[in-house]
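What follows is a single structure, written as C-alpha cells, with notes after it.
Please treat every number below as a calculation from the coordinates, not as lab data. Since the model is a prediction, treat every value here as computed from it, not as a measurement. Methodologically, a virtual Cβ is constructed for each residue, glycine included, from the backbone with ideal geometry; neighbour enumeration extends over all protein chains shown.
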Amino acid sequence: MADSDLEKAIELMEEALARLVDPDDAVVAMRLSHALDLARERREASRG
C-alpha cells in the first residue's frame, strides 16, 4: 500500500470512528479503533 493510500485509509477510519457514537456500535468502534492504531503504527514505521 502506498503511503498516500495508507494516509487516506487512516483519514477515513478517523471519520468513521467519529460517527460511531451509538452504544450499540461499541464493539465496532473498539475494533475500528484498534485497526486505526495499527495503521498509525505502520505509518510511523514506514517513515522511519
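For this structure, a couple of remarks:
- Angle in degrees between helix 26-47 and the longest Cα principal axis of the chain, rounded to the nearest 10: 10
- Estimated inter-spin distance, Glu15 and Arg43, nm [label 7 Å along Cα→Cβ]: 1.4
- Positive-end ranking of Ser33, Leu20, Gly48 along the dipole of the chain, with charges on Cβ about the Cα centre, is headed by Gly48.
- When only the Cβ of Lys, Arg, Asp and Glu is charged (+1, +1, -1, -1), the dipole of the chain relative to its Cα centre reaches about 180 debye.
- The helix-only estimate of mean residue ellipticity at 222 nm for the chain, built from DSSP H runs of length n ≥ 4 each weighted as -39500 (n - 2.57), is -28000 deg cm²/dmol after division by the residue total.
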